[in-house]
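I have placed the structure first, in the form of structure tokens, so that the comments after it can refer back to it.
The values are calculated or read from the model by the stated rules, or taken from the named source; none is laboratory data. Because the structure is predicted, anything quoted here is derived from the model rather than measured. Cβ placement follows ideal geometry from the backbone for every residue including glycine, while neighbour counts extend to all protein chains displayed.
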Amino acid sequence: MTNEPDKPTPAAPTPSAPKPANPASPAANGNSSLRLKKIFGRIFGISAVITALVLSFLTWWELDIRPRTDDAYLRANIVGIAANVSGYITELAVVDNQKVNVGDLLFRVDVRPYQAELDFALANLGYVDLEIQALKDAIVQREADIVNAEAVALYNVQYLARIEPLLPKQFVTPDQVDAAKRNVRSSEAVVLQSKAALSQAKANLGQIGDVNVRRARAQATVVEKQLNVGYCEVRSSVNGYVTNFNSSVGQFAQMGVQVFALVDTSSWYLLANYQETDIRMIAPGMNVEVYLMAYPRIHFHGVVQGIGWALYDPNQGSNGVLPTVSPTLDWVRLAQRFPVRIVMDPSQDAHPYRMGATATAIVESNRRREVPDILKPLLPDALESWLNTLATPPAPMPDSPGR
């Protein structure tokens, strides 16, 4: 038996590597990208609409319970400065935009003419005192004249009484009796005349009770002249700032004619013009959140004082007894704006007020709005609770510079 040589065992065939998948065609990639863009576009559009509706609802909710306006301006009282006397200005103690306090000197008027009038009034008062003393002496004289006249009249009456019984016995003549009667009547007339002179002297004295009208009149003239001298110094009656200052030394100041003005800083208020559809939610005493354009991030505080009751209507007029009505047709009806006066808290040095500053006013109305029942199933509990907190007026901020 012959041994055959061993044949080599054939190697097992190695598995071939999987072939890579064929790449997608460009048309398929384009369709997929287009579908994604459409999906994202729809999501974005729906989200934008929902966001707009939510924001519109929240804006309506906020404006309905907290009416606001940016048509508001800060105001203060203007005090016109004028002299109570006329004359040339001899001294100016202030400049434009200067801060002044009550009692500060503003300017002086030439005092010399008024000082001369005061001196004359004082001299006249002294002269009146001398006249009064002379009239008092005259009264004493008139009283003495009455005593003397009454004594003479009494003597004449007694003399007539003594000689009349002697006439029948012819111890006296009829002429003597007639002369005695004439003396009695004459002495009585002298008494009456003396009493009238006393009354005239007392009237000339001008004494009524404890007041002498002669001296009171002279004293009043002195006081008037003293006031005129004092009026030559014009002083500030309020705390404020000088404004509209266009005066100089030597200018003639007319009595009662304004020379310049002061902005009274003791009280500030806001005139906020609200639409007539908003004033139904505003009432006196409500707190107001105020923002000034000069200090956009600072919160100020005010309180509603009142709402205006009248506006000027340029379209209303009359021709004789008949009213005049313009033949117009308004396609768009605009709501009128009524001024609401808001009293501001005192100004602070860090953020001073300026008259005429533009402001935004937000009234913290006491109105509370509940979420409508139709919307409650659509709103989460957290959102409903948050909306209810918006309807509750917040407490004033303690760190407000206007507080």
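Structure data summary
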quantity	calculated
The range 97-116, subset under 18 Å from Cys232 (Cβ atoms) and basic (Lys, Arg), residue surrounded by the most Cβ atoms within 10 Å (Cβ to Cβ)	Arg108
Any hit, the range 172-184, residues being acidic (Asp, Glu), within 60 Å of the chain's Cα centre (by Cα) and exposed (fewer than 12 other Cβ atoms within 10 Å of the Cβ)	no
Close pairs (7 angstrom Cβ cut-off, 6 or more residues apart or separate chains): closer than 15 Å to Val157 by Cβ and assigned by TED's automatic domain parsing to the domain that holds Gln141 in the range 167-193, surrounded by 11 or more Cβ atoms within 10 Å (Cβ to Cβ) and basic (Lys, Arg) anywhere	none
Any hit, the range 219-233, residues being surrounded by fewer than 14 Cβ atoms within 10 Å (Cβ to Cβ) and in a loop (DSSP other than H, G, I, E, B)	no
Residue in the range 185-201 that is surrounded by 14 or more Cβ atoms within 10 Å (Cβ to Cβ) and within 30 Å of Glu224 (Cα to Cα) present	yes
